[in-house]
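Data block below; observations after.
The values are calculated or read from the model by the stated rules, or taken from the named source; none is laboratory data. None of the values given here were measured: they were computed from a predicted structure. Ideal geometry is used to build each Cβ from the backbone, glycine not excepted, and the neighbour counts take in all protein chains shown.
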Amino acid sequence: MPTDPMDPPQPRNPLHGVTLEAMVTALQAHFGWAALGQEVPIRCFTSEPSVASSLKFLRKTPWARAKVESLYLWLCREQARQVRQAGQAGPTPGPAGVSRSP
């Protein structure tokens, strides 16, 4: 199957295949609208926020989309870091046999 020159493979692009809707939904689920509006101060996150209004604005505004993509990449790195840390060190016994993470 020949590859389309207009759609080259992007094996090192972490955003390849991730829709803007998926990014906004993941960020909203993690931060909530109020905190997301503080992280990326744009009105579509602070004044009557919704996924639909955010998508409409972000598709027309490259600088705002870049900020959202950057925050999404940060979130992905943080989640991957937490998974790695959880896999490397199990809980250690704390005082009186209470388990705690290092």
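Values computed for the structure shown
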quantity: Test result for Ala80, at pLDDT below 95, of a type in the set (Gly, Ala, Ser), more than 13 Å from the chain's Cα centre (by Cα) and in a helix (DSSP H, G or I); calculated: no
quantity: Residues that are of a type in the set (Gly, Ala, Ser), buried (at least 17 other Cβ atoms within 10 Å of the Cβ) and under 18 Å from Thr19 (Cβ atoms), drawn from segment 29-78; calculated: Ser54, Ala64
quantity: Members of segment 15-33 found to be without any contact (Cβ under 8 Å) to a residue 12 or more places away in the chain and of a type outside the set (Ser, Thr, Tyr), listed by number; calculated: His16, Gly17, Ala22, Ala29, Phe31, Gly32
quantity: Within segment 1-19, tally of residues that are among the hydrophobic types (A, V, I, L, M, F, W, C) and either over 19 Å from Ala64 (Cα atoms) or at pLDDT 95 or above (or both); calculated: 2
quantity: Filter pass, Ala86 being surrounded by 11 or more Cβ atoms within 10 Å (Cβ to Cβ), within 21 Å of the chain's Cα centre (by Cα) and modelled with pLDDT under 85; calculated: yes
